[in-house]
Amino acid sequence: MSVAALIVAAGRGSRAGQGIPKQYQPLLGQTVLARTLAAFVAHPRIDRTIVVIHPDDRALYDATLASLPAATSAVLPCVHGGDTRQDSVRSGLEALAELGPEIVLIHDAARPFASADLIDRAIAAAKEWVAAVPGIPVTDTIKVIDDRSRVLSTPDRASLRAVQTPQAFRFPNLLDAHRRAAAARLHAFTDDGALAEWAGLPVHVFEGDSGNIKLTHPADFAEAERRMKGETMTYVTRLGTGFDVHAFGDGDHVWLGGVSVPHDRGVVAHSDGDVILHALTDAVLGALADGDIGTHFPPSDPQWRGASSDRFLAHAVGLVRERGGIVDHLDATLLCERPKLGPHREAMRNRIAEIAGLRLDQVSLKATTTERLGFTGRSEGIAAQAAATIRLPEVSA
Ligand code: CTP
Ligand code: MG
């Protein structure tokens, strides 16, 4: 189905203040409209995009269009809007009528955070239904009041949705609804969903996106820039290593990689003696340059006696996340003659991935004997070495 996007940018942005209309205000050097437009122009399912502007903004619009890096051939010549948003939408629809798209998405220029997923959902909703609007559950309790601020009722929050754009429609139906509304001298519908309802079209709500905010007041611009800085966060990659040894002692199992492995020996240890988890924990702490397992869990502290080592690794990974970082990869090598790693490898990888909150492909486990040499070769003890790759947000000077 052919899909057109119609972006309304003819408002004056009176609530946002600050001189030029809000859709032409810069956000980290790029105008709000440039960002909004780029999301639609770059979307593979959108065939054509049209922008409705205010006649006074021609130079600002041309500069915004010129600033777009992507191919802008899919952007149709802009058209002029009207006094109300509804009039602006109709002006865009009339300009699209010749082209005759099957689906049209109507979007506010003032919403620069429409994601590709949200646009996909809008298109899918228009295919399924005639008219559909993105909505998010409301978190505040809403009151209906009269003109003297007296509460008339409190609607059930579960049945309320806060509605956004892009709103999605079968093009011929929306064009007809707009023409009828104008003919009835109605001009003040603030969204196309409401106009469609008035026209008797069934309107559905699909899942919106809480990040898809509309810039309305001056404070919204600072919030938008903070959000964008988060998106463009740069990271530095850090590598840490770890090593751990435990002596074999009496027992019938050893803990390795968070899994209990049957063996004819146990290990002598303060905690559960899991050399793989200990080496991994030290590797993560090493990447953070934040001490070692003994600094965080002193062996002198009785609370770690017999402690299950998954807490150590979970703690280290938690420290990475607290600093806004990401764990990319954990890799460990077990050094011993026995027990053999092979039969338990997948169980251990799964357990480590679970403890660290990673995907399985981010966890690697290997094993080697030491050719009967040294303490591991003589089966006096068991050792593991590990590496962790993490990313931490770059701290600007
Ligand atoms: N809009 C439009 N034509 C109008 C009024 C609004 O194209 N006559 C557009 C705005 O440019 C905006 C969207 O509709 O992208 C949503 O409207 P709103 O957030 O109310 O923007 P403004 O009307 O510009 O702001 P304000 O109401 O504060 O003046
Ligand atoms: Mg307005």
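The values are calculated or read from the model by the stated rules, or taken from the named source; none is laboratory data. All values derive from a computational prediction rather than experimental measurement. Neighbour counts run over all protein chains shown; Cβ positions are idealised from the backbone, glycine included. These area figures cover heavy atoms from the full protein model, side chains too; ligands, DNA and RNA do not enter into them. Shrake-Rupley method; radii C 1.70, N 1.55, O 1.52, S 1.80 Å.
Mean sequence separation of contacting Cα pairs (under 8 Å, at least six apart), scaled by the length of the range 128-245, corresponds to a relative contact order of 32 percent. Computed over the chain with a Gaussian network model linking Cα atoms closer than 10 Å, the most mobile of 134, 202, 21 is 202. Residue 368 contributes an accessible area of around 60 Å² to the protein surface, as traced by a 1.4 Å probe with all chains present. Evaluating kT/(6 pi eta Rh) at 20 °C and 1.002 mPa s, with the Kirkwood radius of the range 3-229 over Cα pairs in the Stokes-Einstein relation, gives 119 µm² s⁻¹. Between the Cα long axis of helix 218-231 and the first principal axis of the chain there is an angle of about 40°, rounded to the nearest 10. Distances between every pair of Cα atoms in the range 316-388, grouped in 5 Å steps from 0 to the bin holding the largest one, split as 3, 16, 22, 20, 15, 11, 8, 4, 1 percent.
In this structure the amide hydrogen of residue 235, modeled in the peptide plane, comes within under 5 Å of the amide hydrogens of 394, none closer than 5 places in sequence on its chain.
For the chain, the longest principal axis of the C-alpha atoms and the axis of helix 345-356 are separated by about 60°.
By how many degrees, 0 to 90 and rounded to 10, does the Cα axis of helix 310-322 deviate from the longest principal axis of the chain? So the inclination is approximately 40 degrees.
Taking the Cα centre as origin and putting +1 on Lys and Arg beta-carbons and -1 on Asp and Glu beta-carbons, what dipole magnitude results for the chain, to the nearest 20 debye? Provide the component values of the computation, followed by the final result.
Values: 41 positive and 48 negative charges, 140 e Å.
The dipole magnitude comes to about 680 debye.
Phi-derived couplings, Karplus 6.51 cos²θ - 1.76 cosθ + 1.60 at θ = phi - 60°, listed residue by residue for the range 106-121: 9, 9, 6, 4, 7, 10, x, 10, 5, 8, 4, 4, 5, 5, 4, 5 Hz, with x used for Gly and Pro.
Most simply put, the chain has about 60% antiparallel DSSP beta bridges, counting only bridges with both residues inside it. Using heavy atoms of the protein chains and a probe of 1.4 Å, the accessible area assigned to residue 271 is about 20 Å². Computed on protein heavy atoms with a 1.4 Å probe, the accessible areas place 282, 250 in the order 250, 282, largest first.
As a size descriptor, the averaged projected area of the C-alpha convex hull of the range 235-393 was calculated at 8.7 nm².
Tell me which GluC sites (Glu not before Pro) from the range 86-183 have a DSSP coil assignment and no more than 12 other beta carbons within 10 Å of their own. Don't skip to the end; give the middle numbers.
Working: sites: 94, 98, 102, 128; in loops: 98, 102.
Taking the range 86-183 and a limit of 12 other Cβ atoms within 10 Å, the loop GluC sites (Glu not before Pro) found are 98.
When the Gaussian network model of the chain links Cα atoms closer than 10 Å, the mean-square fluctuations of 52, 284, 133 top out at 284. In the chain, a dipole from Cβ-located charges (positive for Lys and Arg, negative for Asp and Glu) runs towards its positive end, and of 21, 217, 257 it is 21 whose Cα lies farthest in that direction. Protection proxy ranking of 7-20, 78-91, 55-68, by the mean of other Cβ atoms within 10 Å over each peptide's residues and highest first, is 78-91, 7-20, 55-68. Annotation: the chain has a Kirkwood hydrodynamic radius of 25.5 angstrom, from the mean reciprocal C-alpha pair distance. Accessible area per residue (1.4 Å probe, heavy atoms of protein chains only) ranks 156, 274, 191 as 156, 191, 274, with the largest value leading.
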